[in-house]
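The values are calculated or read from the model by the stated rules, or taken from the named source; none is laboratory data. Since the structure is predicted, the reported quantities are computational estimates derived from the model, not experimental observations. Here the Cβ positions follow ideal geometry from the backbone for every residue, glycine too, while neighbour counts run over all protein chains shown. The area values use the complete protein model at the heavy-atom level, side chains included, leaving out ligands, DNA and RNA. Shrake-Rupley method; radii C 1.70, N 1.55, O 1.52, S 1.80 Å.
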Amino acid sequence: MSAIRFDDVWKEYGDHIVLERITLEVAPRAFLALVGPSGCGKTTFLRMLLGEERPTRGQILIDGVPLQPEPDADRGVVFQRYSVFPHLTVLQNVLLGRELQHSKFLGRLFGAAKKAATDEAMALLAEVGLKGHEDKYPSALSGGMQQRLALAQAVMRGPKILLLDEPFGALDPGIRADIHVLMKRLWNETELTVVMVTHDLSEAFRLATRVIAFERNRDRPEERERYGATISRDLEIYPRRTAQLRAVAPIRSGRDDPAEQGA
Amino acid sequence: MRLINLRPSRQLAIYMAALPFVLVAIGYVLGSEARLAENPNDKLLPALSTMAQAVKQMAFQLDARTGSYLMLSDTIASLGRLLSALAISTAAALVFGIVIGLLPAANAMLGSFVSVTSMVPPLALLPILFIVMGLGENSKIALIVIGTLPGMIRDLSMRVLELPREQLIKAQTLGASSWQIALRVVLPQILPRLIDSLRLQLGPAWLFLIAAEAIASDSGLGYRIFLVRRYLAMDIIIPYVIWITLLAFLMDFALRLLQRKAFPWFASVRAE
Ligand SMILES: Nc1ncnc2c1ncn2[C@@H]1O[C@H](COP(=O)(O)OP(=O)(O)O)[C@@H](O)[C@H]1O
Ligand SMILES: [Mg+2]
């Protein structure tokens, strides 16, 4: 749950301006969808928010504080591919964040701590519909199941912001509908601010509280390099959506977990 | 049907695989018989029975002078050198490969150094090794290490760099430190690739072993074949060469098996 602020951000690679004059305020708990033509800088925008790339000009603030210049546990991410670790089973993938958090040297938990984390991971796996697949390697899962796993893995660590880069782009429509339901539930039950890049407009409007479109307003070949994409549309969804907790126990986030004391 | 679509059945494939071996054996026997018919004392292509006799003497009879089974003691000496050298190379390649592949600063400092040293012809360094380390075991082990290590480091650091960037980002968003990334993300994924790298280095490792033993040694498989060369003892040399080949093949086979059993997830990753 964090507010994000882009303050006149530019991104250039050499002479090539990718994004320009990006000024944006995202409320805590928002679900922001980012659309735009291929190559217009959506991934670049997300990478800056991750801390993987730095703006060439301007700055990004999270809750009023300048963004850490490298990825950290405050910002979870799901990519279109390669989001889960192929050498870990489903359960191990979900456990990983917790193990890294509490075991600085070995990166592994044992005994009671492991048991507690495993129970929690199993509950989360059931939540995302992966019960019974705990011991499989990701390569044995379908694309939709891999993305569910990636979501569970990210949520388990309890990030404040969840970044999604075309996470469901490669999935069949039916599977995509299922995973939209899951995504919505995760957003309601955790305390996430979500930023999702998608090229599917209907997906954007179905899930988001706010949809932003990037576009280059000058796209003649000789101008392409000299003008970056800007925010061309900024639509609040009506009727206004807000995250709401369901009556059931919310999905725990790693942040305020009792296990923290055992670190 | 196109040739590229013609697949032999399982059974046929086994026969086809055996064929070249059988042909070579037949060719040898025919050649040997022809030469021996002309000159019964010919040493170049000894008869199978002569070789069997030599193997019996070398492998199964105590050598009066040394009080040991020569083939066994040669094998132990050679494998000892080879395996200690490969253990050193493997461990060092793992550490340096991961460090160079994962840390841009280490890559900047060591990357070109490793590239350059991997171009030094190891055999050209052998005299230096003999001078510095003497003629004992150390110089031979050092030669094999020098001959295999730079290539393995280069290979492994490239494998680390090939890991999808997304994985490293993902690990950071799960709160991993550099050390934790090395330990839980990179190391386990590099181990099966290390086995590939090691398999590729088996050939060079044997080459440097035999070379070192041929030049200065008093034991070992390479020592033996170069010793008996003076007497044109093809009946010993040929079985030794076959034995060395078999050992190398078995090591390769064992590594492949280990890779399949210990890293069941790896096959599908590689298939991508
Ligand atoms: N590391 C980089 N170096 C140079 N150009 C880059 C780099 N990353 C992205 N770009 C350029 O930035 C533009 C936007 O890329 P990207 O953000 O991936 O687009 P999108 O995700 O919207 O399809 C592209 O023209 C791409 O070539
Ligand atoms: Mg993209």
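Brief remarks follow.
- Compactness of region B:1-153 - radius of gyration and Dmax, Cα, Å: 24.1, 69
- Distant-in-sequence amide H partners of A:ALA33 (H built 1.01 Å from N, under 5 Å): A:MET196, A:THR209, A:ARG210, A:VAL211, A:ILE212
- Taking Cβ atoms as reference points and 15 Å as the exclusive limit, the residues near A:LEU67 contribute a net charge of -2, counting Lys and Arg as +1 and Asp and Glu as -1.
- In region B:7-129, Cα pairs under 8 Å separated by at least six residues give a relative contact order of 9 percent.
- Between A and B, accessible area buried - total, square angstrom, nearest 100, 1.4 angstrom probe: 2600 Å²
- On region A:4-260, 52 percent of the accessible area sits on carbon and sulfur atoms, based on a 1.4 Å probe.
- Panel note: contact residues of region A:64-94 (accessible area lowered by at least 50 Å² against the chain on its own; 1.4 Å probe) correspond to A:PRO71, A:PHE79, A:TYR82, A:PHE85, A:PRO86, A:HIS87.
- Candidates per trypsin sites (Lys or Arg not before Pro) in region A:130-221, loop by DSSP, up to 14 other Cβ within 10 Å: A:LYS131, A:ARG218
- Amide hydrogen proximity for A:SER2: with H placed 1.01 Å from N in the peptide plane, the residues at 5 or more positions away or on another chain lying under 5 Å are A:ARG29, A:THR193.
- On a per residue basis, region B:80-271 carries 46 Å² of accessible surface, using protein heavy atoms and a 1.4 Å probe.
- Rolling a 1.4 Å probe across the protein heavy atoms gives region A:4-260 an accessible surface of 45 Å² per residue.
- Note that chain B, at 37 °C in a medium of 0.692 mPa s, gets a Stokes-Einstein diffusion coefficient of 149 µm²/s from its Kirkwood radius over C-alpha pairs.
- For region A:56-123, chymotrypsin sites (Phe, Trp or Tyr not before Pro) are listed when DSSP marks them as loop and at most 14 other Cβ atoms sit within 10 Å of their Cβ; the list is A:PHE105, A:PHE110.
- Computed over chain B with a Gaussian network model linking Cα atoms closer than 10 Å, the most mobile of B:ALA254, B:ALA216, B:ALA85 is B:ALA254.
- Region B:203-272 and region A:146-211 have their alpha-carbon centroids 54 Å apart.
- Contact order relative to length of chain B, as percent, for alpha carbon pairs under 8 angstrom and 6 or more apart: 22 percent
- For the protein assembly as shown, the Kirkwood estimate of hydrodynamic radius, built from reciprocal distances between every pair of different alpha carbons, is 28.0 Å.
- For region B:26-105, the list of trypsin sites (Lys or Arg not before Pro) that fall in a loop by DSSP and count at most 14 other C-beta atoms within 10 angstrom reads B:LYS43, B:ARG65.
- Our summary gives chain A a relative contact order of 29 percent, counting only alpha carbon pairs under 8 angstrom and 6 or more residues apart.
- Helix-only [θ]222 nm of the protein assembly as shown, DSSP H runs n ≥ 4, -39500 (n - 2.57) each, per residue, nearest 500: -18000 deg cm²/dmol
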